[in-house]
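A.B. asks: Below is the structure I would like to discuss, written out as structure tokens.
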Amino acid sequence: MGGAAGKGESSEMMWVAETKLEAKMVEAMQRRASEGTAMKSFNSIILKFPKIDESLRKCKDEDSNGSIDHEELKKCFHKLEVSFTEEEINDLFKACDINEDRGIKFNEFIVVLCLVYLLKDNATALEAKSRMGMPNLEATFETLVDAFVFLDKNKDGYVSKNEMVQAITESGERSSGRIAMKRFEEMDWDKNGSVNFKEFLFAFTSWVGIDDMEDDEEE
């Protein structure tokens, strides 16, 4: 998987989604990309970090014990009145349980909620979102979707290395190429040369220190 497209394929790269969930994620992101983004530069994303961090930490206070198992995730969706099929819940659980310990940690749970936000972007979902009882989170998720759309220059639902370089170069930062490569490597953890929204979210939770929060508590 991955790799640059041949010259005949135009400059856009074609990636094949590995799961149904990823295909839906990419489709939803392409739909959002067609609406445009309010982000003007990569710097403006970074400036929003403290606000996003604060919102996620408040959400942490509402989270119960350390990790969420499959049944708890189902109950959580039931409570939010978000209708997912058993298969979709399984896909979400598998996709977000990155260390495969059969329990979703807090940073993984944030990713699940944000994916739910993206995938259920309709009237029913909007009602469910308000039931999350976390109005700040909705704004946070919206900012994260907006940030991804800003990075995804060709609107194909993935961020490539070139797009990352372009976004950071636009910010006018010195040594921007090196920063872009570092950020891209942090996001592309399956090393296939493209980043989907889920990978972007996991990188983001580590950038704002969600992983550190869990380590602190365990100590």
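The values are calculated or read from the model by the stated rules, or taken from the named source; none is laboratory data. Fair warning: this is a prediction, and the values are worked out from it, not measured in the lab. The area values use the complete protein model at the heavy-atom level, side chains included, leaving out ligands, DNA and RNA. Shrake-Rupley method; radii C 1.70, N 1.55, O 1.52, S 1.80 Å.
A.B. asks: ARG183: accessible area at probe 1.4 Å, nearest 10 Å²?
C.D. replies: For ARG183, solvent-accessible area is about 60 Å².
A.B. asks: Let me ask something additional. Which far-off residues, 5 or more places away or on another chain, put their amide H under 5 Å from the one on LYS105, with H placed in the peptide plane?
C.D. replies: Under 5 Å from the amide H of LYS105: ILE68.
A.B. asks: A further question on this structure: Under the Karplus relation 6.51 cos²θ - 1.76 cosθ + 1.60, θ = phi - 60°, what is the ordered set of whole-Hz ³J(HN,Hα) values for the stretch 31-43, x standing for Gly and Pro?
C.D. replies: Taking θ as phi minus 60°, the curve returns 5, 5, 4, 5, 8, x, 9, 8, 5, 10, 7, 5, 4 Hz for the stretch 31-43.
A.B. asks: Please work out whether the stretch 138-207 counts as rounded, prolate or oblate from its C-alpha gyration tensor, where a ≥ b ≥ c are the square roots of the eigenvalues and a/c under 1.5 means rounded, while otherwise a/b larger than b/c means prolate and anything else oblate?
C.D. replies: Working: a/c = 1.43, a/b = 1.25, b/c = 1.15.
Because its axes are fairly even, with a/c under 1.5, the stretch 138-207 counts as rounded.
A.B. asks: Using a 1.4 Å probe, what is the accessible area per residue for the stretch 138-207, in Å²? Provide the component values of the computation, followed by the final result.
C.D. replies: On the way: 2720 Å² over 70 residues.
Roughly 39 Å² per residue, with all protein chains present.
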